[in-house]
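Q: Sharing a structure with you now.
The values are calculated or read from the model by the stated rules, or taken from the named source; none is laboratory data. What you see is a predicted model; the values in this text were computed from it and never measured. In this analysis, Cβ positions are derived from the backbone assuming ideal geometry, glycine residues included, and neighbour counts consider all displayed protein chains.
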Amino acid sequence: MRTPPFNLHLPTTVSEAVQISAELRAEGRETDWVAGGTDLLPNYKWHLNAKSDVISLARIEEMTTVSMTEIGAMARLSEIADGGKVHPLIAEAAKKVASSLIRNSATLGGNICLDTRCFWFNQGEDWRASIDWCLKCDCGTGADCRVIPNQNELCVATYQADLAPNLMVLDATIHLAGPDGERSLPICDFFKLDGITRNVLREGEMVVKVNLPDDVGQWRGEYQKLRLRESWDFPEAGVAAAWRLGSDGSLAELKIATTALESIPRLHDQEVAPVIAAGWSGEESITAVAKAIQLTVKPVNNTAFPPNYRKKMTRVMCERALGQLRDY
Ligand SMILES: Cc1cc2nc3c(=O)[nH]c(=O)nc-3n(C[C@H](O)[C@H](O)[C@H](O)COP(=O)(O)OP(=O)(O)OC[C@H]3O[C@@H](n4cnc5c(N)ncnc54)[C@H](O)[C@@H]3O)c2cc1C
Ligand code: SF4
């Protein structure tokens with residue numbers, strides 16, 4: 001299958017990129033951003049919602065920062081995974097994305113904005129035509145969702161990127177730039193429970209960078225990932241945990257987030273807070289938090305592993321991620 005032709009634009013600054021996007025949209029043309037292209041281009045090859053114009057961010061130097069408190073959207077995952085420059089939890093998560101070859105091109109921004117996935121959608125055009133399409137790429141047919149039919153409104157494709165839950169537990173802020181100027185928000189508020197729109201980006205808006213708090217070095221953490229093949233597969237479930245100890249050595253704060261279990265990555269403050277409020281007691285608390293999170297997550301049947309297995313493994317991975325807190 002051939003990649004459909006598109007016009008490629010190569011701005012060198014954020015403001016130029018936003019301007020090009022605004023001008024193209026004013027002419028009625030549809031655009032996509034491309035960063036490393038490791039997800040967008042395979043999707044184009046399969047004729048999945050390809051646009052007439054693609055704006056590459058590859059030449060924008062100002063988006064390539066990599067430090068403990070700031071990572072540009074165009075920072076390559078290979079540089080992030082190298083460690084040393086970023087928080088160890090972020091490096092560990094980046095190291096678990098795809099393969100080393102893909103990480104050389106893949107970027108932080110592309111990972112955060114990764115399209116949601118579903119086995120009824122991530123297929124070639126002929127295959128999708130044979131099932132009469134689905135809501136996410138209906139080719140004008142008004143096709144229904146194949147996973148939750150008879151609702152024809154919501155796509156429940158799965159968000160299967162690794163970095164977001166780790167940025168969430170470290171309290172990252174995401175910075176956006178678009179035709180209406182710049183804005184910043186907690187990364188937890190960036191995602192939208194809709195497999196088609198995915199996040200709160202407005203037309204022509206892009207992710208510029210993420211910032212982490214100045215005290216991020218005081219947080220420790222762990223990321224657990226379930227996947228089909230360890231060599232390069234997308235997460236089937238992922239659990240990120242980060243914690244900070246108080247001056248007396250006791251557990252002061254704990255955050256847990258999951259990925260690959262619904263259309264967004266999710267922070268589980270509501271499940272963690274009651275256990276912390278009751279007083280942390282090692283193994284017992286770990287079991288209570290892990291069970292509470294297992295009960296909350298509701299994966300659907302659209303990835304490689306069955307939903308019940310992913311749900312059970314969420315508890316197991318939660319217990320593993322909190323293993324270092326057994327003695328607190
Ligand atoms: C075989 C294989 C295995 C993979 N395994 C994993 C895995 O284990 N874990 C994982 O997380 N991912 C995996 N991926 C997906 C992908 O490679 C990574 O998520 C990668 O980080 C995407 O980054 P990119 O720069 O290549 O994104 P691109 O493909 O360039 O873009 C991805 C999406 O983000 C949008 N986008 C990119 N940058 C911006 C920006 N700055 N602002 C707004 N929108 C933007 C694009 O428009 C597009 O919709 C895998 C891919 C392949 C092919
Ligand atoms: S969840 Fe439904 S609408 Fe979304 S990609 Fe899958 S089948 Fe299509």
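Q: Could you please find all residues in region 195-204 being within 20 Å of residue 17 (Cβ to Cβ) and in contact (Cβ under 8 Å) with a residue 40 or more places away in the chain?
A: Selection gives 198, 199, 201, 203, 204.
Q: If you go through region 27-34 one residue at a time, do you hit one that is modelled with pLDDT of 95 or more, under 11 Å from residue 54 (Cβ atoms), assigned to a helix (DSSP H, G or I) and away from ligand 2 (no atom under 16 Å from the Cβ)?
A: No.
Q: Shifting gears a bit: Which condition number in (1) in contact with a strand residue (DSSP E or B) (Cβ under 9 Å, 6 or more places away or on another chain); (2) surrounded by fewer than 22 Cβ atoms within 10 Å (Cβ to Cβ); (3) not in a loop (DSSP other than H, G, I, E, B) is the one that residue 126 fails?
A: With respect to (1) in contact with a strand residue (DSSP E or B) (Cβ under 9 Å, 6 or more places away or on another chain); (2) surrounded by fewer than 22 Cβ atoms within 10 Å (Cβ to Cβ); (3) not in a loop (DSSP other than H, G, I, E, B), residue 126 is out only on (1).
This table checks each residue for (1) of a type in the set (S, T, N, Q); (2) touching a helix residue (DSSP H, G or I) at 6+ places or on another chain (Cβ under 8 Å); (3) free of Cβ contacts under 8 Å to residues at least 12 places away in the same chain.
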residue: 43; (1), (2), (3): yes, no, no
residue: 59; (1), (2), (3): no, no, no
residue: 65; (1), (2), (3): yes, no, no
residue: 69; (1), (2), (3): yes, yes, no
residue: 72; (1), (2), (3): no, yes, no
residue: 79; (1), (2), (3): no, no, no
residue: 114; (1), (2), (3): no, no, no
residue: 123; (1), (2), (3): yes, no, no
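Q: Additional query: Being away from ligand 2 (no atom under 16 Å from the Cβ), in contact (Cβ under 8 Å) with a residue 40 or more places away in the chain and part of a loop (DSSP other than H, G, I, E, B) is the requirement here; does residue 83 meet it?
A: In short, no.
Q: As an exercise: evaluate residue 89 against (1) aliphatic (A, V, I, L, M); (2) surrounded by 19 or more Cβ atoms within 10 Å (Cβ to Cβ); (3) within 12 Å of ligand 1 (Cβ to nearest atom) and give the number of the one condition it does not meet.
A: Answer for residue 89: the failing condition is (3).
Q: Report, by residue number, each residue of region 202-226 that is under 18 Å from residue 109 (Cβ atoms), more than 9 Å from ligand 1 (Cβ to nearest atom) and assigned to a loop (DSSP other than H, G, I, E, B).
A: 202, 203, 204, 212
Q: In addition: Determine whether region 105-118 contains at least one residue that is within 16 Å of ligand 2 (Cβ to nearest atom) and among the hydroxyl-bearing types (Ser, Thr, Tyr).
A: Looking through region 105-118, at least one residue is within 16 Å of ligand 2 (Cβ to nearest atom) and among the hydroxyl-bearing types (Ser, Thr, Tyr).
Q: Here is a further query. Filtering region 102-119 down to residues that are surrounded by fewer than 20 Cβ atoms within 10 Å (Cβ to Cβ) and either in a loop (DSSP other than H, G, I, E, B) or within 8 Å of ligand 1 (Cβ to nearest atom) (or both), which residue is modelled with the lowest pLDDT?
A: 119
Q: Residues to consider are 212, 193, 201, 185; find the one that is within 16 Å of ligand 2 (Cβ to nearest atom) and at pLDDT 95 or above.
A: On inspection, the qualifying residue turns out to be 193.
Q: Here's something else I'd like to know. Is it the case, given these coordinates, that residue 132 is out of contact with any helix residue (DSSP H, G or I) (no Cβ under 7 Å at 6 or more places or on another chain), surrounded by 13 or more Cβ atoms within 10 Å (Cβ to Cβ), on the phi > 0 side of the Ramachandran plot and not in a helix (DSSP H, G or I)?
A: Against the criterion (out of contact with any helix residue (DSSP H, G or I) (no Cβ under 7 Å at 6 or more places or on another chain), surrounded by 13 or more Cβ atoms within 10 Å (Cβ to Cβ), on the phi > 0 side of the Ramachandran plot and not in a helix (DSSP H, G or I)), residue 132 does not qualify.
Q: Shifting gears a bit: Of the residues that sit in region 249-274 and are in a loop (DSSP other than H, G, I, E, B) and hydroxyl-bearing (Ser, Thr, Tyr), which one is surrounded by the fewest Cβ atoms within 10 Å (Cβ to Cβ)?
A: Ranking the candidates gives 250 first.
Q: What residue, among those in region 135-167 that are under 21 Å from residue 103 (Cβ atoms) and among the aliphatic types (A, V, I, L, M), is nearest to ligand 1 (Cβ to nearest atom)?
A: 161
Q: From 92, 16, 23, grab the single residue that is assigned to a helix (DSSP H, G or I), touching a residue at least 40 places away in the same chain (Cβ under 8 Å) and of a type in the set (Asp, Glu).
A: Exactly one of 92, 16, 23 is assigned to a helix (DSSP H, G or I), touching a residue at least 40 places away in the same chain (Cβ under 8 Å) and of a type in the set (Asp, Glu), namely 92.
Q: So for region 227-248 (the condition being out of contact with any Phe, Trp or Tyr (no Cβ under 8 Å at 6 or more places or on another chain), in a strand (DSSP E or B), within 16 Å of ligand 1 (Cβ to nearest atom) and not small (Gly, Ala, Ser)), does at least one residue qualify?
A: Within region 227-248, not a single residue is out of contact with any Phe, Trp or Tyr (no Cβ under 8 Å at 6 or more places or on another chain), in a strand (DSSP E or B), within 16 Å of ligand 1 (Cβ to nearest atom) and not small (Gly, Ala, Ser).
Q: Go through region 137-169 and give me each residue that's away from ligand 2 (no atom under 12 Å from the Cβ), in a loop (DSSP other than H, G, I, E, B) and crowded, with 22+ Cβ neighbours inside 10 Å.
A: Residues satisfying the conditions are 160, 161, 162.
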